Amino acid sequence: QVQLVESGGGLVQPGGSLRLSCAASGSIISAYTMGWYRQAPGNQRDVVASITTGGTTNYADSVKGRFTISMNNAKNTVLMQMNNLKPEDTAVYYCRALGPVGRFWGQGTQVTVSS
């Protein structure tokens, strides 16, 4: 079992930055593929970025060059730095852990990009 708690969301103006954090407990995240997903009202939940146990990262085309996912093993935390935010980035952002015993989700954190 993995418990995930996201933080770092908020209201930011277009062009601004936020850093999301996903703190894990119950297991070591380096044993999991970790990902950030987002879901806007009326839309499905889509993957934004992921990082494998080997450190390979992948990004949705819409965020390439603006978002960076990283893993802090010492703090058992996954981060996502989001720069040059756009109104279309507005959504609830969820952290997910995928491993041999299943997949686990956090409760989500709201990101709103608006002037």
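Brief remarks follow.
- Distance distribution P(r), region 6-52, all Cα-Cα pairs, bin width 5 angstrom from 0: 5, 15, 19, 26, 21, 9, 5, 1 percent.
- Farthest positive-ward along region 1-113 dipole, Cα basis, beta-carbon charges - from Pro14, Asn73, Ala60: Asn73
- Charged side chains reduced to their Cβ positions (Lys and Arg at +1, Asp and Glu at -1) give the chain a dipole of some 120 debye around its Cα centre.
- Apolar share of the accessible surface for the chain: 48 percent from carbon plus sulfur atoms, 1.4 Å probe.
- Inter-label distance for Gln3 and Asn58, nm, one decimal - labels placed 7 Å from Cα along Cα-to-Cβ: 3.0
- Extents of the chain, taken as max minus min of Cα coordinates on every principal axis and listed largest first, are 41, 26, 23 Å.
- Simple spin-label estimate for Gln107 and Ser70 in nanometres, 7 Å along Cα-Cβ: 2.7
- Accessible surface, the chain, averaged per residue in Å² (probe 1.4 Å): 51
- Taking label positions 7 Å along the Cα-Cβ direction at both Gln81 and Gln44, the computed distance is 3.2 nm, reported to one decimal.
- Hydrodynamic radius (Kirkwood) for region 35-76, which is based on Cα pairs only, to one decimal in Å: 11.4
- When every Cα-Cα distance of region 71-115 is counted in 5 angstrom steps from zero, the calculated P(r) takes the values 5, 16, 21, 23, 16, 11, 5, 2, 0 percent.
The values are calculated or read from the model by the stated rules, or taken from the named source; none is laboratory data. Being a predicted model, the structure only gives us computed values, none of them experimental. Every residue, glycine among them, receives a Cβ derived from its backbone with ideal geometry; neighbour counts consider all protein chains shown. We work out accessible area using only protein heavy atoms, side chains counted, and drop any ligands, DNA or RNA first. Shrake-Rupley method; radii C 1.70, N 1.55, O 1.52, S 1.80 Å.
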